[in-house]
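J.: Once you've had a glance at the structure underneath, I'll fire off some questions.
The values are calculated or read from the model by the stated rules, or taken from the named source; none is laboratory data. For clarity, every value in this text was computed on a predicted model and none was experimentally measured. Heads up: the accessible areas ignore ligands, DNA and RNA and are worked out on the full protein's heavy atoms, side chains in. Shrake-Rupley method; radii C 1.70, N 1.55, O 1.52, S 1.80 Å.
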Amino acid sequence: DPSSSSLTQNSAVPELPGFYYDSEKNRYFRLLPGHNNFNPLTKESIQYKAMERERLRLLEEEEKQKKKTSRAGLNSSMLLQKRQMGLLSSTSYSRLVHELKVNCMRRRKIEIHSPNPLVAGTNNFKIIVADAACERIFTVNDVEYGECKYGIINLSGLGKESPTVKMYDNLYFTNRKVLQKSLFSLTHFIKLCLMGIAETPGCASLLPESLFSSTNPGDRLGMLCRFTISTGWSCAWCLNPQVDTCFSTGLTRRVLVTNVVTGHQQTFGSSSDVLAQQFATQTPMLYNGCRSGEIFSIDVRQRSRKGQSWKATRLFHDSAVTSVRLLEAEHYLMAADMAGKIKLWDLRTTKCVKQYKGHHNEYALLPLHVNEEEGLLTAVGQDCYTRIWSLQDGHLLRTIPSPHPSSKDAIPSVVFSSRLGGSGGVPGLLMAVKQDLYHFSYN
């Protein structure tokens, strides 16, 4: 029946139920069930092999530097000429230069040094997060028995010809698997919210930086405080000076805001699980993304009263919201969902003003990384590809394949900055995948 038949990627070859067409051998093969068979042939295995071939092809192109500019006619000499003629503002010139540099980034593996050589590079990276100055990154690594260990990596060695970094692990403080975390500061204390997996109680911890120092372990301070929280999905620290001692946790059908100094807690009800959160810095507002696709804000200065609605701004996606990010002026909010859609919302009109296409996600809680100074948006998809868009017009600038085969436990975690290592540092993208750390440096 032509109405029910679809064409394969291979020109006009019809798809037959229970069969697949091999273009190399020019014939059909029967698909086998995915169980109780030796080396079964399934649609999933065929798709995985095709994806792996494409990944290896892209990696080979990157090694040969077969990179094209993301926009036709865009090159450094043309940009400089337009800038000198007054046809480009300084902001536009800087943004377009960053676009050029992003397309020229080349991958280099970073050697990781550790005061304890027995544990260096032996555990898979789960998450990496940079501090506000991008001088160091906080890491979460897998250890045995389903737990995680935490560490700090000093980025000062990235500028060397053979890039190296120093990793300081805390071997005495471990936790169950981390679902999400929010890093506030690495200057004096690590204010860190660590959420456990959904099936078990989670916790929020305030950790002193000395836990990761290389000095005598006996001189280290202990953990400052720890709050046990059940059924946790997300977390966020408040950077607003009016309520900068508070953090929030997104739980099953509720939001819990805790003051770490007084221990006072506020509970706000929700009709769905809260999977993503971020505080505003200019106003005491907390933005929440839910499994239902709803995004709503809360003024955390309110006193909770039973039966009263706390939702201020309300936005809606068609799928579960996995990440929310406020832009610097806080008039716009970026949100990603489990349908792979990334939308930019105008909070003043509550309308979607832009979409960023190409992201891939079906079930994972994957973060968005917004770099307004460089005019870039970065996100890692469930397919393990790292994609970089132009913030201004949503144009996909680059798609970076993972150095490792794609799998659920090998989704890269990334950090992007034009000054990795602090002021005067090197620009580029850091990618942690499996046990390895890579630096994609500007050419």
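J.: Run the 1.4 Å probe and let me know the accessible area of I411, rounded to the nearest 10 Å².
T.: My reading of the accessible area for I411 is about 40 Å².
J.: Roughly what percent of Cα-Cα pairs across segment 346-397 reach past 14 Å?
T.: Cα-Cα pairs in segment 346-397 separated by more than 14 Å: 56 percent.
J.: While we're on this one: May I ask you to give the solvent-accessible area per residue for segment 337-443, in square angstrom, as obtained with a 1.4 angstrom probe?
T.: Per-residue accessible area for segment 337-443 comes out at 36 Å².
J.: Throw me the Rg/Rh for segment 310-394, computed over C-alpha atoms with Kirkwood Rh, two decimals.
T.: A ratio of 0.94.
J.: How much of the accessible area of segment 385-443, in percent, comes from carbon and sulfur atoms when a 1.4 Å probe is used?
T.: 43
J.: If you build the convex hull over the alpha carbons only and average its shadow over all orientations, what do you get for segment 223-380? Give it in nm² to one decimal.
T.: Quarter of the Cα hull surface area: 9.9 nm².
J.: According to the square roots a ≥ b ≥ c of the eigenvalues of the Cα gyration tensor, what is the shape class of segment 337-443, taking rounded for a/c under 1.5, prolate for a/b larger than b/c otherwise, and oblate for the remainder? Could you put the intermediate results ahead of the total?
T.: On the way: a/c = 2.19, a/b = 1.19, b/c = 1.84.
Oblate shape, in that a/c is at least 1.5 and b/c is the bigger or equal ratio.
J.: Give the distance, in whole Å, between the Cα centre of segment 401-435 and the Cα centre of segment 291-364.
T.: Segment 401-435 and segment 291-364 have Cα centres spaced 26 Å from each other.
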